[in-house]
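Here the structure comes first, spelled out in structure tokens, and everything after it is commentary.
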Amino acid sequence: MSSLVIEDLTVTRGGRPVVHSLSLTVGAGRVTALLGANGAGKSSLVLGLAGRLPVTGGRVVLDGTELQGRRPNRIRRAGLAAVPEGHTVFSSMSVSDNVRAAVVDPSREAELLGSVFELFPELADRREQMAGTLSGGQQQMLAIGQALAVEPRYLLVDELSLGLAPIIVERLVDTVARIAATGVGVLLIEQYAAVALGVADRAAVMDRGEVAWSGEASELRNDPEILQGVYLGAGNS
Ligand SMILES: Nc1ncnc2c1ncn2[C@@H]1O[C@H](COP(=O)(O)OP(=O)(O)OP(=O)(O)O)[C@@H](O)[C@H]1O
Ligand SMILES: [Mg+2]
């Protein structure tokens, strides 16, 4: 059974640890929601996993292969793709070229372009348009499309709905569910807990660089007080 195992991971930022000995398993074909107050360390965790911030302790094991300390490209090729918070697409390149630039295996390019355009028909209609002229929602679709162009086994999405209209968010959440249904394990960071929990199977709540709670997403859906307890506890001790 495929899995992404994060073990005792410490990520350092600005010379100090912002993720402390964090352990979490992301299952294949499932959506794991990662919640937590501002500054809890969610984005830092994603950047550490993606090789963009230094990992100073612990392990990241994807189907038996250790990824910590490797370069971002190596991590992507191993099957772990991230859409970081506030990602940018190549704005003066066309939509198609943005996806092409992310493809790892050139022999798969045509097929991968096709599957991204099938998932996001609004991008297919704009394939020759400069990415910088897309709407915010379309740019988010393109960023997800770029991540999918590496045919990841695991996909990390930081702030899916940031700045987007509810109707687009609904559309993106539906897409995330479809991606997971193909077998990809998704770690979903989303500021609106209800949105994330609506699509997630599992959930984890971070507080000050650690996992304060983890379990079935349904537990958090049915008992929002758990979440409130963690959020209210943030910074109070
Ligand atoms: N560029 C930076 N340099 C140094 N420290 C940073 C930097 N960016 C964030 N931090 C610190 O790292 C910690 C974790 O921040 P991070 O952005 O990972 O949290 P987050 O959970 O993603 O928050 P949000 O919900 O606001 O996106 C915070 O204490 C923050 O102040
Ligand atoms: Mg963040």
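The values are calculated or read from the model by the stated rules, or taken from the named source; none is laboratory data. Being a predicted model, the structure only gives us computed values, none of them experimental. Reconstructed Cβ throughout: ideal geometry from the backbone, glycine too, with neighbour counts over all protein chains shown.
Output the residue which, of all residues in region 26-76 that are in contact with a Phe, Trp or Tyr (Cβ under 7 Å, 6 or more places away or on another chain) and within 21 Å of TRP213 (Cβ to Cβ), is surrounded by the most Cβ atoms within 10 Å (Cβ to Cβ). Give the steps one after another, and end with the answer.
Of region 26-76, the ones in contact with a Phe, Trp or Tyr (Cβ under 7 Å, 6 or more places away or on another chain) are 26, 37, 62.
This time we only want the ones that are within 21 Å of TRP213 (Cβ to Cβ), so: 26, 37.
Details: VAL26: 26, ALA37: 18.
If we take residues in region 26-76 being in contact with a Phe, Trp or Tyr (Cβ under 7 Å, 6 or more places away or on another chain) and within 21 Å of TRP213 (Cβ to Cβ), then VAL26 is surrounded by the most Cβ atoms within 10 Å (Cβ to Cβ).
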Those residues that are part of a loop (DSSP other than H, G, I, E, B), out of contact with any Ser or Thr (no Cβ under 7 Å at 6 or more places or on another chain) and closer than 21 Å to LEU80 by Cα, I need them from region 162-194; list them, please.
THR182, GLY183, VAL184
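For region 19-38, which residues satisfy the criterion of being within 12 Å of ligand 1 (Cβ to nearest atom) and either in contact with a Cys (Cβ under 7 Å, 6 or more places away or on another chain) or not in a strand (DSSP E or B) (or both)? Please lay out each step first, then the result.
Taking region 19-38 as the starting set, the residues that turn out to be within 12 Å of ligand 1 (Cβ to nearest atom) are 19-20, 22, 34-38.
Answer for region 19-38, where residues must be within 12 Å of ligand 1 (Cβ to nearest atom) and either in contact with a Cys (Cβ under 7 Å, 6 or more places away or on another chain) or not in a strand (DSSP E or B) (or both): ALA37, ASN38.
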Kindly provide the set of residues from region 39-88 that are among the β-branched types (Val, Ile, Thr), more than 16 Å from ligand 2 (Cβ to nearest atom) and part of a loop (DSSP other than H, G, I, E, B), ordered by number.
none
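For every residue, the table says whether it meets (1) surrounded by 21 or more Cβ atoms within 10 Å (Cβ to Cβ); (2) free of Cβ contacts under 8 Å to residues at least 40 places away in the same chain.
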position	(1), (2)
ILE189	yes, no
ALA194	no, yes
LEU197	yes, no
ARG202	yes, no
MET206	yes, no
SER214	no, no
GLU219	no, yes
ASP223	no, yes
GLY229	no, yes
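Looking at region 211-233, is at least one residue in a loop (DSSP other than H, G, I, E, B), under 30 Å from SER115 (Cβ atoms) and either away from ligand 2 (no atom under 16 Å from the Cβ) or at pLDDT below 95 (or both)? Walk me through how you get there before you give the answer.
The first filter runs over region 211-233 and keeps only residues in a loop (DSSP other than H, G, I, E, B), leaving 223.
Among the residues that remain, those that are also under 30 Å from SER115 (Cβ atoms) are: none.
No; the residues of region 211-233 include none that is in a loop (DSSP other than H, G, I, E, B), under 30 Å from SER115 (Cβ atoms) and either away from ligand 2 (no atom under 16 Å from the Cβ) or at pLDDT below 95 (or both).
Let me confirm something: among SER92, SER96, SER115, which residue is hydroxyl-bearing (Ser, Thr, Tyr), assigned to a loop (DSSP other than H, G, I, E, B) and modelled with pLDDT of 95 or more? Write out each step before concluding.
Values: SER96 fails: assigned to a loop (DSSP other than H, G, I, E, B); SER115 fails: assigned to a loop (DSSP other than H, G, I, E, B).
None of the others qualify; the one that does is SER92.
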Test set (1) over 16 Å from LEU156 (Cβ atoms); (2) surrounded by 14 or more Cβ atoms within 10 Å (Cβ to Cβ); (3) away from ligand 1 (no atom under 16 Å from the Cβ) - GLU128 fails condition number:
(2)
Being under 22 Å from VAL46 (Cβ atoms) and acidic (Asp, Glu) is true for just one of ASP158, ASP97, ASP105. Which residue is that?
ASP158
